[in-house]
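To keep things clear, I will list the structure first and then write my remarks on it.
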Amino acid sequence: MPTKSETLLLFPTRVTRFELVGVAPEIVPLVLERSRTQPSVARGERTGWQSGNDLFSWSADTHALGKQIADAVMAAHDRPLEEIALFGWANVFNRGVFFNPHLHSDAAWSGVYYLDAGDSGHAAGGTLMLRDPRAGAGMVIGDANQHDSATCFEITPRSGELWVFPAWLLHWVTPYQSDLPRISISFNAR
């Protein structure tokens, strides 16, 4: 029998979940008011409303949220970072809104914070899907790799949760199926 000398985890994909505390509830009506009075910024999506990249400069509350997100991105990283540039925007999902598969260029990290998840659960849809970046991982599934060859990972949105992942990770959101609005904050960091 061979003697095992080392196992390397060469290409992990770091996806980190945080729960933010103390986020001002005043941000929700601020986002909803802007969604009623300002046009959506086009980002290749055809559904929902999205603000400009200046969300963290809207108010003292949104600035404080940006600080928490920046701290989370730095904590998700495995080595110290001197500083990061952070850009964020608000999303308002209503029934039928979805995002097509995409990545975020010109960023190292991306993510989403669920300010108000609206209806949450499998029946409400609107799940965040992360695609396994290993192109051939699911080609042969057997007993030896049955738990290491999933092609997608589903995240059910929950209010107060922040997810941080590499900007190159292909992701999308399935159609949201509720009449309660869902408000999320997306961001890029570099």
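The values are calculated or read from the model by the stated rules, or taken from the named source; none is laboratory data. The structure displayed is predicted, hence computed values, not measured ones. All Cβ positions, glycine included, derive from the backbone under ideal geometry; neighbour counts span all protein chains shown. Surface accessibility is based on the protein's heavy atoms, side chains included, excluding ligands, DNA and RNA. Shrake-Rupley method; radii C 1.70, N 1.55, O 1.52, S 1.80 Å.
Per-structure values
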quantity	calculated
Single condition Val112 does not satisfy, out of (1) assigned to a loop (DSSP other than H, G, I, E, B); (2) among the hydrophobic types (A, V, I, L, M, F, W, C); (3) open to solvent by less than 90 Å² (accessible area, probe 1.4 Å)	(1)
Extreme residue, least open to solvent (accessible area, probe 1.4 Å), among residues of the range 1-51 that are acidic (Asp, Glu) and more than 22 Å from the chain's Cα centre (by Cα)	Glu33
Single unsatisfied condition, Pro29 versus (1) free of Cβ contacts under 8 Å to residues at least 12 places away in the same chain; (2) farther than 17 Å from Ala117 by Cβ	(2)
Filter result for Ser178 (closer than 23 Å to Leu32 by Cβ, at pLDDT below 90 and in a loop (DSSP other than H, G, I, E, B))	no
Residue in the range 120-135 that is farthest from Phe93 (Cα to Cα), counting only those that are free of Cβ contacts under 8 Å to residues at least 40 places away in the same chain and surrounded by fewer than 16 Cβ atoms within 10 Å (Cβ to Cβ)	Ala135
Candidate set from the range 136-168 (those that are modelled with pLDDT of 95 or more and not in a strand (DSSP E or B)); member that is most open to solvent (accessible area, probe 1.4 Å)	Trp168
Failed condition for Leu81, given (1) open to solvent by less than 30 Å² (accessible area, probe 1.4 Å); (2) in a loop (DSSP other than H, G, I, E, B)	(1)
So Arg95, is it surrounded by fewer than 19 Cβ atoms within 10 Å (Cβ to Cβ), outside any helix (DSSP H, G or I) and either among the basic types (Lys, Arg) or within 16 Å of the chain's Cα centre (by Cα) (or both)	yes
